[in-house]
Amino acid sequence: MFKKTALNRGETKTIRFTIDNQKLSFYNNALEFVSEPGNFD
């Protein structure tokens with residue numbers, strides 16, 4: 001679930017959220033459903 005965050009002019013905020021591993025998975029050339037290991041910024 002997302003939440004609206006208000007910013008004033010010139011203000012910055014860091015927003016963090018988690019994406020489920022399955023949402024980053026894809027089918028490779030062998031038609032296997034895989035995800036690449038590691039952290040993504």
Which trypsin sites (Lys or Arg not before Pro) in the chain sit in a loop by DSSP (not H, G, I, E or B) and have at most 16 other Cβ atoms within 10 Å of their own Cβ? Lys3, Lys4, Arg9, Lys13, Arg16
Equivalent ellipsoid dimensions for the chain as semi-axes, Å, which come from the Cα gyration tensor, largest first: 34, 11, 8
Quick one: what are the phi-derived ³J(HN,Hα) couplings along region 2-17, Karplus 6.51/-1.76/1.60 with θ = phi - 60°, whole Hz, x for glycine and proline? 9, 10, 5, 10, 8, 10, 7, 3, x, 7, 10, 9, 9, 10, 10, 8
Here the gain from full extension of Arg9 to Phe33, 0.36 nm per residue of separation minus their alpha-carbon distance, amounts to 4.3 nm
Just flag the chymotrypsin sites (Phe, Trp or Tyr not before Pro) in the chain sitting in loop per DSSP whose Cβ has no more than 11 other Cβ atoms within 10 Å. Phe2, Phe17, Phe40
To make sure I understand, if each residue's beta carbon is the centre and we count other beta carbons within 10 Å, what order do Thr14, Thr5 fall in, fewest to most? Thr14, Thr5
In sequence order, calculated HN-Hα J values of region 24-41 (Karplus, 6.51, -1.76, 1.60; Hz; x Gly/Pro): 9, 7, 8, 8, 7, 5, 8, 6, 9, 7, 10, 9, 7, x, x, 9, 10, 9
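Each reported figure results from applying straightforward, stated rules to the coordinates on display, with no laboratory input. Computed from a predicted structure; not experimentally measured. For neighbour counting, all protein chains shown are included, and Cβ atoms are generated from backbone atoms with ideal geometry for every residue, glycine included.
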